[in-house]
Amino acid sequence: MKVKVLSRNPDDYVRETKYDIQRVPRNYDPTLNPFEVPREYTRAMNATKLERVLAKPFLASLDGHRDAVNCMAKHSTSLSTLLSGACDGEVKVWNLTKHNCVRTIQAHEGFVRGMVVRFCGTSFYSIGDDKTIKQWNMEAPGYGVEEEPINTILGKTVFTGLDHHQKNGTFATCGQTVDIWDEQRSTPIRSFSWGVESFSSVRFNPVETELLASCASDRSIVLYDMRESMPLKKVIMTMRSNTLSWNPMEAFYFTCANEDYNLYTYDMRYLEKPVTVHMDHVSAVLDVDYSPTGREFVSASFDKSIRIFPKENRNSREVYHTKRMQHVVCVKWSADNKYVMSGSDEMNIRLWKANAAEKLGVLSHREKLAANYNQKLKEKFQYHPKVKRIARHRHLPKHIFTEAKEHTVMREARRRKESNVRKHSKPGAVPMLSEREKHVVAVVK
């Protein structure tokens, strides 16, 4: 019987004395390069450095408002159209390709609180401090014709949030209650309330279109189903959430922007604790919007910066700021996944690249191949210390840098205090809570 065995001759790889050179096995295949990995590492380093050198995210500033920009809306069918509402009741329609304003409407008295474009793109809705909901035609009227809304609904209280259904003529508003409206009627077809004084925002789920969620003033996030007469459930947090955004690709997930400087991504089936806590801002987070791929989201904060987070990461991958930009109130991610729009206190709308080092315009075949190759190299060597340090480094304004250091010291002091209290208490009296569990007070069904 023949038995095949592996046979190795120690003379091929064992040194005769410790002063001999180590014998390294070599593959003499001429297609393989013996220095392939060092060569790729050098290329990855150069690609990472070039990415940081070429990172120029700011594209344009759209100025024309005479008061702070309070809300924005993306067009549902046109990539180049953006709508913005200001604190003086003025609504502007922008052409992003030409960077100019194509239409101005004096829509409301007082703040414009919310705007949304109808799913077909033929008209849009706006709400304001004058307790009205107005529907406007997307096409500008003819020369010399006065701007008039298609429809005006007078409400009983001030509306603070607005969103439209993805597939039919239904929209939702929030104020003292969450109301569901039919476009053909002047009274809500359904109203939801759960012993809450007021709501700050309401959002329809883009996948499961009958579901919606709202942020309430009692620090809770409430979930609703339009087919039910009562709200489904709510999660009460330690601090109030300003707004939320649903993941457009995963129906169960949403991210809320909180007053405690963090963002929380929840799975609506398990509200006992968030899936991820996103923790880089140093002031209240005012707005959040998902990318159309559902893999990342952008957040706007009172600390005068915009951050882009991967949905499963605790820390942001990118931070945008300028010397003139003040508190960022609203932010949107364009439907082609290439741009981010932000509206801030100093009356400007800014246009940014979603990928700071991306080359815009038409790329040749060789440029595409080179970009893809560099991207793969950066992914392969992303955990090497030098590559990681260069890729992560960002220059921050002094106030953000100093506040971030302060928050790190404060977090460490809190952790030390908890540890000391636990050490000097009865076993089990002070439970060990993870970062995700600390921020949820209760879930009510």
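The values are calculated or read from the model by the stated rules, or taken from the named source; none is laboratory data. Please read these numbers as outputs of a predicted model, since none were measured by experiment. No Cβ is skipped: glycine too gets one built from the backbone with ideal geometry, and neighbour counts run over all protein chains shown. Ligands, DNA and RNA are stripped out before the accessible areas are found, and what is left, the full protein with its side chains, is counted by its heavy atoms. Shrake-Rupley method; radii C 1.70, N 1.55, O 1.52, S 1.80 Å.
State whether the residues of region 157-168 include one that is aliphatic (A, V, I, L, M), free of Cβ contacts under 8 Å to residues at least 24 places away in the same chain and out of contact with any Phe, Trp or Tyr (no Cβ under 6 Å at 6 or more places or on another chain).
Within region 157-168, none of the residues are aliphatic (A, V, I, L, M), free of Cβ contacts under 8 Å to residues at least 24 places away in the same chain and out of contact with any Phe, Trp or Tyr (no Cβ under 6 Å at 6 or more places or on another chain).
Anything in region 54-65 that is open to solvent by 20 Å² or more (accessible area, probe 1.4 Å), in contact with a strand residue (DSSP E or B) (Cβ under 7 Å, 6 or more places away or on another chain) and either closer than 13 Å to Gly343 by Cα or among the aliphatic types (A, V, I, L, M) (or both)? List them, or say none.
The answer is Leu59, Ser61, Asp63, Gly64.
Looking at region 127-154, which of its residues are closer than 13 Å to Thr173 by Cβ and outside any strand (DSSP E or B)?
Selection gives Lys131 alone.
When residues of region 373-389 are filtered for being open to solvent by less than 90 Å² (accessible area, probe 1.4 Å) and over 17 Å from Ser316 (Cβ atoms), how many remain?
So the count comes out to 8.
Could you say whether any residue in region 414-428 is of a type outside the set (Val, Ile, Thr) and either within 30 Å of Ser61 (Cβ to Cβ) or in contact with a helix residue (DSSP H, G or I) (Cβ under 9 Å, 6 or more places away or on another chain) (or both)?
No: zero hits.
Considering only residues that are modelled with pLDDT of 95 or more and more than 25 Å from Arg203 (Cβ to Cβ), which ones fall in region 138-165?
Matches in region 138-165: none.
Which residue pairs have Cβ atoms under 6 Å apart, sit 6 or more places apart or on different chains, and have a first residue in region 66-83 that is closer than 27 Å to Lys304 by Cβ and in contact (Cβ under 8 Å) with a residue 60 or more places away in the chain and a second that is among the aromatic types (Phe, Trp, Tyr) and assigned to a strand (DSSP E or B)?
Leu82/Trp94
In the set Asp225, Asp179, which member is without any contact (Cβ under 8 Å) to a residue 40 or more places away in the chain and crowded, with 16+ Cβ neighbours inside 10 Å?
Of the residues listed, the single one that is without any contact (Cβ under 8 Å) to a residue 40 or more places away in the chain and crowded, with 16+ Cβ neighbours inside 10 Å is Asp179.
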